[in-house]
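Enquirer: I have a structure here, written as structure tokens, and I will follow up with some questions on it.
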Amino acid sequence: MKQMKYLPLFTLLSIVCSPLFSQREKVASYFGVQYRTIIPSNFGGPKEFSMTKKEYTASITQTTGYSFGATVRVGITPLIAFETGINFTQRNFNLGMSVADTTTGAPIITAKDHWSLINYEIPLNALIYIQLSQKFYMNSSMGVVATFSPTDIQKRTETGGINSFFNYASVYKTGLNLNANVGFEYRTKNRGFYYIGGSIRVPLAPIFVWGSWHEIQKQTESTFLRGTMRGSYLSVDLKYFFPNIKQKGTQPIKPPIE
């Protein structure tokens, strides 16, 4: 059942890629795969924040995550291209909760936990190449990323006593991010393209509304905190584009990727 969470990735990939492959392009287009390491950033919004009400304090911190998927590069001119694809992304967060003594202010109960946010991304980027040598290229791209987050998140943390904590994220199902990339690639005719670079991602709106409760058993009252998380981040990107190798012999029909 765990593999089922990747099903939307391959379904959306087929929808995105099929119109591109059906077109006949004069400039070569390429299909590839990519992997990204997500690095939290304070650019565009804090990667960590906390909330306090009465004696209860809760904090959330974005940690490293990852993203992988397929990418399609459609050639427009020899030095300009359009890049899209579909990615599965997992973003991780640490949670911290504490209850302070009403007299001294020192924490008397503390707890830690974590959760993960899963979403699917479709980037739409305009890309420009700068040729450095016969096989080395530098490229940069800018665009937007459409995101889809299928589920909300909830987590109950027990301390082993009468105190417990509950954290809930009401996730915005769809979103739009600004995206910028820069990197270098090594091109070979028969072995494909190898790319390494970096990206910055800035959501245009919060990615979820976060609520945190402190509850005491057998009591109806609880302390409630509420905030939002934007979740900007940097990433290290690795990509590989498969070579376009023509079939030998008669080719009456032009292949979709040349």
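The values are calculated or read from the model by the stated rules, or taken from the named source; none is laboratory data. Nothing here was measured: the structure is a model prediction, and the numbers come from that model. Cβ atoms come from the backbone with ideal geometry, glycine included; neighbour counts cover every protein chain shown.
Enquirer: Which residues, taken from segment 156-191, are of a type in the set (Phe, Trp, Tyr) and within 29 Å of Phe241 (Cα to Cα)?
Expert: Filtering segment 156-191 for residues of a type in the set (Phe, Trp, Tyr) gives 165-166, 168, 172, 184, 186.
Those that are of a type in the set (Phe, Trp, Tyr) and within 29 Å of Phe241 (Cα to Cα): Phe184, Tyr186.
Enquirer: Quick one: which of Gln217, Gln251 is surrounded by fewer than 19 Cβ atoms within 10 Å (Cβ to Cβ), under 20 Å from Ala58 (Cα atoms) and at pLDDT below 85?
Expert: On the way: Gln251 fails: under 20 Å from Ala58 (Cα atoms).
On inspection, the qualifying residue turns out to be Gln217.
Enquirer: Tell me, please, whether a residue that is out of contact with any Asp or Glu (no Cβ under 7 Å at 6 or more places or on another chain), more than 15 Å from Gly32 (Cβ to Cβ) and among the polar types (S, T, N, Q) can be found in segment 203-213.
Expert: Start the filter on segment 203-213 by keeping residues that are out of contact with any Asp or Glu (no Cβ under 7 Å at 6 or more places or on another chain), which leaves 203-213.
Filter once more, keeping what is more than 15 Å from Gly32 (Cβ to Cβ): 203-213.
In the following step, the residues that additionally are among the polar types (S, T, N, Q) were identified as 212.
Yes, some residue in segment 203-213 is out of contact with any Asp or Glu (no Cβ under 7 Å at 6 or more places or on another chain), more than 15 Å from Gly32 (Cβ to Cβ) and among the polar types (S, T, N, Q).
Enquirer: Same structure again: Any residue in segment 231-244 that is without any contact (Cβ under 8 Å) to a residue 12 or more places away in the chain and on the phi > 0 side of the Ramachandran plot sitting within a Cβ distance under 9 Å of a residue that is assigned to a strand (DSSP E or B) and surrounded by fewer than 20 Cβ atoms within 10 Å (Cβ to Cβ)? List the pairs, counting only those 6 or more apart or interchain.
Expert: Going by the 9 Å Cβ cut-off, there are no qualifying pairs.
Enquirer: From the list Thr71, Thr77, pick out the single residue that is of a type in the set (Val, Ile, Thr), within 30 Å of Asn244 (Cα to Cα) and modelled with pLDDT under 95.
Expert: Thr77
Enquirer: With the condition kept exactly as written, say whether any residue in segment 133-152 is acidic (Asp, Glu), at pLDDT below 95, surrounded by 13 or more Cβ atoms within 10 Å (Cβ to Cβ) and farther than 22 Å from Lys54 by Cα. Step through it out loud before you land on a result.
Expert: Just the residues of segment 133-152 that are acidic (Asp, Glu), to begin with: 152.
Next, only the ones that are at pLDDT below 95 stay: 152.
Imposing the further condition that a residue be surrounded by 13 or more Cβ atoms within 10 Å (Cβ to Cβ) reduces the set to 152.
Filter once more, so that each one left must be farther than 22 Å from Lys54 by Cα: 152.
Yes: one or more hits.
Enquirer: Sticking with this structure for a sec: Against the condition at pLDDT 90 or above, among the small types (Gly, Ala, Ser) and closer than 20 Å to Arg226 by Cα, how does Ala111 come out, does it pass? Give the derivation first.
Expert: Working: at pLDDT 90 or above: yes; among the small types (Gly, Ala, Ser): yes; closer than 20 Å to Arg226 by Cα: yes.
Judged against the criteria, Ala111 is a match.
Enquirer: What are the pairs, 6+ residues apart or on separate chains, where a residue within segment 109-120 that is touching a residue at least 40 places away in the same chain (Cβ under 8 Å) and farther than 24 Å from Tyr56 by Cβ has its Cβ under 9 Å from a residue that is of a type in the set (D, E, K, R) and surrounded by fewer than 17 Cβ atoms within 10 Å (Cβ to Cβ)?
Expert: Matching pairs, first to second residue: Ile118/Lys5.
Enquirer: Name the one entry in Val202, Val209, Val236 that is surrounded by fewer than 18 Cβ atoms within 10 Å (Cβ to Cβ), over 22 Å from Asn125 (Cα atoms), out of contact with any helix residue (DSSP H, G or I) (no Cβ under 9 Å at 6 or more places or on another chain) and at pLDDT 90 or above.
Expert: Numbers: Val202 fails: over 22 Å from Asn125 (Cα atoms); Val236 fails: over 22 Å from Asn125 (Cα atoms).
Within the list Val202, Val209, Val236, the selection yields Val209.
Enquirer: On the basis of being without any contact (Cβ under 8 Å) to a residue 60 or more places away in the chain, out of contact with any Lys or Arg (no Cβ under 9 Å at 6 or more places or on another chain) and either under 17 Å from Asp237 (Cα atoms) or not in a strand (DSSP E or B) (or both), does Thr57 make the cut?
Expert: On the way: without any contact (Cβ under 8 Å) to a residue 60 or more places away in the chain: yes; out of contact with any Lys or Arg (no Cβ under 9 Å at 6 or more places or on another chain): yes; either under 17 Å from Asp237 (Cα atoms) or not in a strand (DSSP E or B) (or both): no.
No: the conditions fail for Thr57.
Enquirer: Looking only at segment 62-83, count every residue that is surrounded by 17 or more Cβ atoms within 10 Å (Cβ to Cβ) and either more than 18 Å from Leu238 (Cβ to Cβ) or not charged (D, E, K, R) (or both) and tell me the total.
Expert: Initial filter on segment 62-83 (surrounded by 17 or more Cβ atoms within 10 Å (Cβ to Cβ)): 62, 65, 67, 69-75, 81-83.
Checking the rest, the ones that are also either more than 18 Å from Leu238 (Cβ to Cβ) or not charged (D, E, K, R) (or both) come to 62, 65, 67, 69-72, 74-75, 81-82.
Of the residues in that region, 11 qualify.
Enquirer: Can you find, within segment 46-58, the residue that is nearest to the chain's Cα centre (by Cα) among those that are buried (at least 18 other Cβ atoms within 10 Å of the Cβ) and not aliphatic (A, V, I, L, M)?
Expert: Step one: of segment 46-58, the residues buried (at least 18 other Cβ atoms within 10 Å of the Cβ) are 47, 56-58.
Going one step further and asking which of them are not aliphatic (A, V, I, L, M), we end up with 47, 56-57.
Values: Lys47: 14, Tyr56: 31, Thr57: 28 Å.
Among residues in segment 46-58 that are buried (at least 18 other Cβ atoms within 10 Å of the Cβ) and not aliphatic (A, V, I, L, M), the one nearest to the chain's Cα centre (by Cα) is Lys47.
Enquirer: So, of the residues in segment 153-182 that are among the aliphatic types (A, V, I, L, M) and surrounded by fewer than 17 Cβ atoms within 10 Å (Cβ to Cβ), which turns out to be nearest to Leu117 (Cα to Cα)? Give the steps one after another, and end with the answer.
Expert: Here is the first cut: in segment 153-182, the ones among the aliphatic types (A, V, I, L, M) are 153, 162, 169, 171, 176, 178, 180, 182.
Among the residues that remain, those that are also surrounded by fewer than 17 Cβ atoms within 10 Å (Cβ to Cβ) are: 162, 176, 178, 180, 182.
Numbers: Ile162: 29, Leu176: 16, Leu178: 19, Ala180: 22, Val182: 26 Å.
Top of the filtered list is Leu176.
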